[in-house]
Each structure stands twice: as structure tokens, then as C-alpha cells.
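Heads up: the structure comes next, in C-alpha cells.
Since every read-out is calculated from the coordinates, none of them should be taken as a lab result. All values reported here derive from a predicted model rather than from experimental measurement. Every residue, glycine as well, gets a Cβ built from its backbone with ideal geometry; the counts of neighbours run over all protein chains shown.
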Amino acid sequence: MTHRIIETPFADIALWDTGGTGPAVLLLHGNSSCKEIFRGQFDARLTNDPRLIAMDLPGHGGSSDARDPAATYTLAGYGAAALAVLAALNVSRAAVFGWSLGGHVALDMVSRFPGLRGVMISGTPPIANGGFAEGFRQSTHMGLAGAQAWSEADTEAYARATAGAGAPFEPFLLEAARRTHGVARETFFADALSGRADDQRRIAETAAVPLAVINGAEDEFINADYFGQVAWANLWDGRVHSLAGLGHAPFWQAPERFNPLFERFIIETAITTGTTA
């Protein structure tokens, strides 16, 4: 696995890249987190040696803060940064796995990335514009998600909540939450509430590519019932997966349960849409 920094117009992007010879998969983390949250997938022995690429979003992890925060810390801006990374790596076809905020970015890429094989989301309700109250539970932690300034107590509380109750909690999770550019949180939520972004429920209900949904049944951020209200156009496996006993980041909390689904999704989307990287 290589660790790289790629200079883009949006920010200097830090990433992990396995360099695998199989299908490419881009992994996008959540709000105030980092690429290291996907360690359980990078450490796994997955069939067909997929090329896993995990990037730190602008303003997060090892990436620099955005050069133009107002334009970059938005759904479209994050998506454009992700596309710039794939272009720099000469990856023309890939599936995308997005967690929480990263899932919203992945959905935004459906209409912007011609080489998209499929999308997997976790902890990401595909809400219509203005639909936050339908897709998410209102809580103190949700309030923090859009706040620029955090106290140290806020930082630890949010990092622990996003990892999931009872999930392993390692120092990098707290460091990632501390490092995140507060302007990124505030700007993203202001943009999301403005109604300027594409309607993500419409995307889910019209997408031609397979869309996999793997949630933790105990996710305290999302309204699980909402997922049953979406008329999915191309729902992978024919159902929304809800993993019992797991929280907001099931892939981190229990990779041994999550990875078989992740692996099968990679294999099936590669077969369905072709294998040229």
C-alpha cells in the first residue's frame, strides 16, 4: 500500500492506494473523520485483489484545508475533488463506497462520473432537498455536525458517536476530529440546507448503477424507517442491509461482518459493468 499526497485545484489530497490489479474502489469517509477509518477494509484479504483508494477529503486528515473553502466544502466541491484524484491516478472506472458525509458525496458523483460502476453507502439517508428532518434523527451530535467551533468535550463526544457505541476507539479518531477544519463543517451544512445540491432521493430513485445500502441497526444518526420510503431504482441485493448491534460505522466496528458484503459488491459490480480500470 502506498501513501501519497496529490496536488489538486481544491487541496493537497492525502490518500492510501493498495495498487491492486482488480477493480478500483474509492472510499470516502464521513464528517470530521479520515481515511484511516477504513483500515478494516485495507487489511482484509479481498477476492480479486481490488485496488482500494481512500482519500482524506479537503480540510480533513492528512489533506490540506481547501484553497477556496466556499466552493470546495460543498457536496459538488467534495465530489469534484474526488474526481480530480481519480483522474490523477488514471482511474477511469471505479465503484465508490461512501460513509455518512462520504456517502452523500458518492451519490453526487452518480451523474458526474461516467466510469462509475456502482455506489455503496453506509449511514447516509438519500434525502430530498430540505429533507434532513426525515432522514436524520435530531440530536446533540447532529447539531455538532454543522458547527464550526467545538470544545474538547464536543470533539470527543462526536468522534465516539460516529465510531458507534461499543466500537473500538483509537487515538486517530480523536485526532481526526480535532484536525478537521471547522469551516468545512459549517460551510457544508449551510450549502446542504440551501437546496442548491442535487436531490439525492431523486438520484437514488433514478440511478442506473447498482446502489448498495449497508447500515448499522443501532445507528443513532439516521432514521432507519426513512430508507423504506425510498423507491430505489437499482437497489443492490434487493434490500437495505441493517447489521444488528452495530452503530454509525459498521465497517469499522465489525469488519468481519461488513467485509463479505463489501467484497461481493465489488465482484458483482465489476462483472456487471466491466473490469477495465
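Things worth noting here:
- Packing rank of 42-48, 259-265, where each peptide gets the mean count of other beta carbons within 10 Å, highest leading: 259-265, 42-48
- For segment 189-277, the gyration tensor built on C-alpha atoms gives an oblate shape. Its axis ratio a/c (a ≥ b ≥ c) is at least 1.5, and a/b is not larger than b/c.
- Compared with the direct C-alpha span, the chain from V183 to R112 gains 23.0 nm at full extension, assuming 0.36 nm per residue.
- Shape call, segment 130-184: gyration tensor on alpha carbons, a/c limit 1.5: oblate
- Quick note on the chain: its Rg to Rh ratio, both from C-alpha atoms and Rh being the Kirkwood radius, is 0.92.
- At 0.692 mPa s and 37 °C, Stokes D of segment 123-265 from Kirkwood alpha-carbon radius, µm² per second: 202 µm²/s
- Dividing the mean sequence gap of close Cα pairs (under 8 Å, 6+ apart) by how many residues the chain holds gives a relative contact order of 22 percent.
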